[in-house]
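The values are calculated or read from the model by the stated rules, or taken from the named source; none is laboratory data. Worth saying up front: this structure is predicted, and the values here are computed from it rather than measured. All Cβ positions, even for glycine, are placed from backbone atoms using ideal geometry, and neighbour counts span all protein chains on display. Surface accessibility is based on the protein's heavy atoms, side chains included, excluding ligands, DNA and RNA. Shrake-Rupley method; radii C 1.70, N 1.55, O 1.52, S 1.80 Å.
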Amino acid sequence: MDYLGFLNDEQRLPVLDTEGAVLVLAGAGSGKTRVLTARIEYLVLEKDVPPANILAITFTNKAAGEMKERLESMIDTRGMWVCTIHSMCVKILRMYAERRGLKDNFSIYSEQERSAVIKQAFKELGYDEESLLKSVKFHISNAKMLGLGPEAYGARHAFERGIREAMKVYARYNAHLKANNALDFDDLLTEARELLSTDAEAREYLGGRFRYIHVDEFQDTNAVQFEIIKLLASVHGNLFAVGDDDQSIYGWRGAEIENILSFERFYPNAKTYKLQRNYRSTGAILELANASISHNARRKGKHLWTEAPTGDKPIYYEAEEELGEALYCARSISELRRQGYRLSDFAVLMRINALTRAFEQEFTKYGISYKVFGGFKFFERKEIKDVLAYLRILSNPFDSEACLRIINVPRRGIGEKTVGALLDYAEKHDVTLFDAVLNEEKLPVSSAMHEKLRAFGNYLKEYVIKAQILPVDVLVSEIITTSGMYDQYSDSSDESVTKRANLDEFRNSVDEFVRMNEGATLSEYLQQITLYSDTDEMDDGDYVTVATIHSVKGLEFRCVFLVGLEENIMPSARAIEERTGLEEERRLMYVAITRAREKLWLTRSGSRYLYGRREPTVRSQFVEELSSLLALPKAKTVYPRYDGDYDSYSGYEGGRRFASPGYRARPMPPRPAPAEDDGFATFGGNRRPPVKSSGAPMPATAPPAPPAKDVSGFTVGAHVRHARFGEGTVIAVRGDGKNTIITVHFMTVGNKDLAAALAPLEILP
């Protein structure tokens, strides 16, 4: 029972409450992982529950690995499932593949592979308009996230332009997946849900086996995931859900905060516990976090506290431009390093990864090692995706998308005309692309091309057989070498050197996988890679973490710089006028603040070059909400001053002016006149002020009020034309009169929130 001795009173209560539905509201840094593992240990050691009767679901591979490692040090975990929900669904579907019309070696398509197959289906239907393709991809992604098929989704969005074409592509895309014996990421969930909801035998077996179900990060579940969990818990009813409504930040990808806010509605007899004691941050940081999240209305309500010292007060800093903001962070890190801090103690967190460039530039200048997360992941690099395609076709010869990707990689002289002939043959004879390659003698191509196809087919046949025999690490090493993948980057260019290094690192990752998973199959390795997440790339190296806030949820750092705190960035422009959207942005702010253990800086730039132009910015409303706790300078737009080579910058820290050595203030260059108003609903006062040719803001004047525009015609379903974005359909309306805000879905740019009274819109008949 020693493991219970490490729990405080708040933590011990839910651990000992083992029967029925239990909800644990675990505040940031309150020890939820300790509670989860202690409860599982309690079930096994004190309640004599066999490990095979326990299921623990997490939302990242890293979290699952850490939990499993912690449990293995304490108890026998053989037969226990500790995995992500997607990995769990893969296991279930491989068990019951035939019942869902699959073979158990089905491929799992990543977002890139899904995009490629959608594009193929789009072209096959005779469509070629790029704007329509963007709309099609949006609708298919949205439908998959909601777990809706073409008919159901098409009926729900019947009023939108282009929906019929999108659903035709969607149906054809699904047909390609079936022919390829493949599922995409969302299918793993929807197929598992369908299996559990329609197959009583499968539901009774799995629900009966998993007597105790534990779900971590419950606030991140979407509707489909929660339905799967409820189906699995339908036999015994023992569901232990741990989460934090204040950290629900994935609404944009379907997470339903209502799942945790309304848990008692689904389980009326559920017991609820709160973990509010924080073991991570200083008192001053928690004070700021509590003050920030208190502005949200839709929350269960918690107040984090700690017995740790108050610590340093969070610092607010305003630079005059983004390079000055980055310089301030670099100088602060350098100073603290001289006091004994390591680079790995620091994180620079931001709302969008488009802000990383200035920090990369300044950190390089100061010799500060860093890694960027939340952008382009290792396993999405082209050379890595190419090797993975070879492995996918060897594991699942039905995977025509994989075959199509590597048929001419490295270049072997098989051009588009030959590929077209292969695709035509495969469609006409209802066979895979791999089969078409093996039947190359029946294709109308030249003798030289027959020879190339025959060589490619023989190579694949040889390794399809070897894949059944060779260990995964040996197979991967041979493929990289014999396929010519490595040799194609043999020159000394920087790009080739980098790509060879990436291939070597890929080999290392496979070697590590084999060491950690003795006897694992190629299919299991591919599954692990497909379900890979951003934070799985993080290691224990000594570097500054530069990341989006979404990428570091669940992590902590001694020192955190929360940067880019400006309206339209944090919070984002889309969220500003939506209460639910704004509350999720504030939860994102709360998550960022609570990553810090000892020191916290909040920064912004008075002007920023973003999306092709430099604009003055407005301080984030989230900062204004904390004015009683932060030393804020007088609110104003800070125009950049610079010395030409950007070697020195100035700004404000609290109310005190900051200037780097050698700073020389110079007047700004002339600013261009403001572009014509495009009707964007920009709120919080974030309008660019008119300027004189000298660059100084013109005095504000009060122009005569224009006649009120009739906005009564902007109703849901109305077809409109925008002067810039073209035709679209109104899909939502809020507010009234001159304050009416409408959401319009445009074929060209997707959804846009517009001020109906201001936007250059006309209603179409």
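Overview of results
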{"read-out": "Odd one out for PHE159, checked against (1) closer than 25 Å to SER400 by Cα; (2) surrounded by fewer than 19 Cβ atoms within 10 Å (Cβ to Cβ); (3) among the aromatic types (Phe, Trp, Tyr)", "value": "(1)"}
{"read-out": "Segment 568-608, residues that are open to solvent by less than 20 Å² (accessible area, probe 1.4 Å), closer than 12 Å to SER620 by Cα, out of contact with any Lys or Arg (no Cβ under 7 Å at 6 or more places or on another chain) and not β-branched (Val, Ile, Thr)", "value": "PRO571, GLU585, ARG586, MET589, LEU602, SER605, GLY606"}
{"read-out": "Segment 218-228, residues that are in contact with a strand residue (DSSP E or B) (Cβ under 6 Å, 6 or more places away or on another chain) and buried (at least 22 other Cβ atoms within 10 Å of the Cβ)", "value": "PHE218, GLN219, ASP220"}
{"read-out": "Residue match in segment 503-525 (condition: surrounded by 20 or more Cβ atoms within 10 Å (Cβ to Cβ), part of a helix (DSSP H, G or I) and in contact with a Leu (Cβ under 8 Å, 6 or more places away or on another chain))", "value": "yes"}
{"read-out": "Flag for THR356 being surrounded by 21 or more Cβ atoms within 10 Å (Cβ to Cβ) and in a helix (DSSP H, G or I)", "value": "yes"}
{"read-out": "Residue list for segment 36-77, restricted to those being in a helix (DSSP H, G or I), surrounded by 22 or more Cβ atoms within 10 Å (Cβ to Cβ) and not hydrophobic (A, V, I, L, M, F, W, C)", "value": "THR37, ARG39"}
{"read-out": "Residue match in segment 175-185 (condition: of a type in the set (A, V, I, L, M), more than 25 Å from the chain's Cα centre (by Cα) and open to solvent by 10 Å² or more (accessible area, probe 1.4 Å))", "value": "yes"}
{"read-out": "Unique match (being part of a loop (DSSP other than H, G, I, E, B), touching a residue at least 24 places away in the same chain (Cβ under 8 Å) and either surrounded by 22 or more Cβ atoms within 10 Å (Cβ to Cβ) or basic (Lys, Arg) (or both)) among LYS313, LYS274", "value": "LYS313"}
{"read-out": "SER369 touching a residue at least 60 places away in the same chain (Cβ under 8 Å), more than 20 Å from the chain's Cα centre (by Cα), surrounded by fewer than 19 Cβ atoms within 10 Å (Cβ to Cβ) and closer than 26 Å to ASN508 by Cβ", "value": "yes"}
{"read-out": "Unique match (being touching a residue at least 24 places away in the same chain (Cβ under 8 Å), open to solvent by less than 50 Å² (accessible area, probe 1.4 Å) and of a type outside the set (S, T, N, Q)) among VAL419, VAL472", "value": "VAL472"}
{"read-out": "Set MET145, MET80: member being open to solvent by less than 60 Å² (accessible area, probe 1.4 Å), touching a residue at least 24 places away in the same chain (Cβ under 8 Å) and in contact with a Pro (Cβ under 7 Å, 6 or more places away or on another chain)", "value": "MET80"}
{"read-out": "Test: LEU133 is open to solvent by less than 50 Å² (accessible area, probe 1.4 Å), closer than 30 Å to LEU764 by Cα and of a type in the set (A, V, I, L, M)", "value": "yes"}
{"read-out": "Residue that is nearest to the chain's Cα centre (by Cα) [pool: residues in segment 329-366 that are of a type in the set (Lys, Arg) and modelled with pLDDT under 90]", "value": "ARG357"}
{"read-out": "Residues that are in contact with a helix residue (DSSP H, G or I) (Cβ under 8 Å, 6 or more places away or on another chain), assigned to a helix (DSSP H, G or I) and among the small types (Gly, Ala, Ser), drawn from segment 547-574", "value": "SER551"}
{"read-out": "Unique match (being in contact with a Lys or Arg (Cβ under 9 Å, 6 or more places away or on another chain) and open to solvent by 10 Å² or more (accessible area, probe 1.4 Å)) among GLY340, GLY283, GLY301", "value": "GLY301"}
{"read-out": "Pairs, first more than 23 Å from LEU275 (Cα to Cα) in segment 234-258, second open to solvent by 60 Å² or more (accessible area, probe 1.4 Å) and part of a helix (DSSP H, G or I), C-beta under 6 Å, six or more apart", "value": "none"}
{"read-out": "Filtered residues of segment 431-444 (kept if in a loop (DSSP other than H, G, I, E, B), in contact (Cβ under 8 Å) with a residue 12 or more places away in the chain and open to solvent by 30 Å² or more (accessible area, probe 1.4 Å))", "value": "ASN439, PRO444"}
{"read-out": "Extreme residue, surrounded by the most Cβ atoms within 10 Å (Cβ to Cβ), among residues of segment 380-405 that are part of a loop (DSSP other than H, G, I, E, B) and modelled with pLDDT of 90 or more", "value": "ASP399"}
{"read-out": "GLY644 surrounded by fewer than 21 Cβ atoms within 10 Å (Cβ to Cβ), modelled with pLDDT of 50 or more and outside any strand (DSSP E or B)", "value": "no"}
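Listed here are the residues, each with its yes/no results for (1) of a type in the set (Lys, Arg); (2) open to solvent by less than 50 Å² (accessible area, probe 1.4 Å); (3) at pLDDT 70 or above.
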{"position": "ALA708", "(1), (2), (3)": "no, no, no"}
{"position": "VAL730", "(1), (2), (3)": "no, yes, yes"}
{"position": "ARG734", "(1), (2), (3)": "yes, no, yes"}
{"position": "LYS752", "(1), (2), (3)": "yes, no, yes"}
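Per-residue answers, yes or no, for (1) more than 20 Å from THR548 (Cα to Cα); (2) open to solvent by 10 Å² or more (accessible area, probe 1.4 Å); (3) touching a His at 6+ places or on another chain (Cβ under 7 Å):
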{"site": "TYR212", "(1), (2), (3)": "yes, no, no"}
{"site": "ASP244", "(1), (2), (3)": "no, no, no"}
{"site": "ILE249", "(1), (2), (3)": "no, no, yes"}
{"site": "GLU258", "(1), (2), (3)": "yes, yes, no"}
{"site": "SER262", "(1), (2), (3)": "yes, yes, no"}
